[in-house]
């Protein structure tokens, strides 16, 4: 969970510095790592990088606060996993030219409830 918190902090810093593509990626990573912390807490082996899959396949998802909303947030975050980092993922541009403040703000708005909720779940278990 500590690494998820660090990634969320990094995403905030990058957003504040107007470095939006990496900010979006770090927000996605924060949510992914926070969800994986829940899996590890139950001695489960998470697989992959899809935050949607990590939320929807979590064995105790019904114990999560509003997991359906998390799934919606996760779907938005999953869109930032590859194209924010690889120039060839964007056919006519590069990540630094495509992603804007609105994107990184949306990524943070999606990641924060997941990270905060995971922290709360871990504290209660």
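Each reported figure results from applying straightforward, stated rules to the coordinates on display, with no laboratory input. Remember, it's a predicted structure, so these values are computed and weren't measured experimentally. Counting neighbours? That spans all protein chains shown, and the Cβs are built from the backbone with ideal geometry, glycine included.
A few notes on this one:
- Residue selected from region 80-107 under the condition in contact (Cβ under 8 Å) with a residue 60 or more places away in the chain and crowded, with 20+ Cβ neighbours inside 10 Å, by the criterion nearest to residue 34 (Cα to Cα): 107
- Just one of the numbered conditions (1) free of Cβ contacts under 8 Å to residues at least 12 places away in the same chain; (2) surrounded by 23 or more Cβ atoms within 10 Å (Cβ to Cβ) is not true of residue 24: (1).
- Check on residue 73, within 16 Å of the chain's Cα centre (by Cα) and not in a loop (DSSP other than H, G, I, E, B): yes
Yes or no, residue by residue, for (1) within 11 Å of the chain's Cα centre (by Cα); (2) farther than 15 Å from residue 111 by Cβ; (3) in a helix (DSSP H, G or I):
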{"position": "8", "(1), (2), (3)": "yes, no, yes"}
{"position": "13", "(1), (2), (3)": "no, no, yes"}
{"position": "24", "(1), (2), (3)": "yes, no, yes"}
{"position": "45", "(1), (2), (3)": "no, yes, no"}
{"position": "49", "(1), (2), (3)": "yes, no, no"}
{"position": "54", "(1), (2), (3)": "yes, no, yes"}
{"position": "62", "(1), (2), (3)": "no, yes, yes"}
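- Given (1) free of Cβ contacts under 8 Å to residues at least 60 places away in the same chain; (2) exposed (fewer than 14 other Cβ atoms within 10 Å of the Cβ), number of the condition residue 76 does not satisfy: (2)
- Failed criterion for residue 18 (all others in (1) surrounded by fewer than 15 Cβ atoms within 10 Å (Cβ to Cβ); (2) in a helix (DSSP H, G or I) hold): (2)
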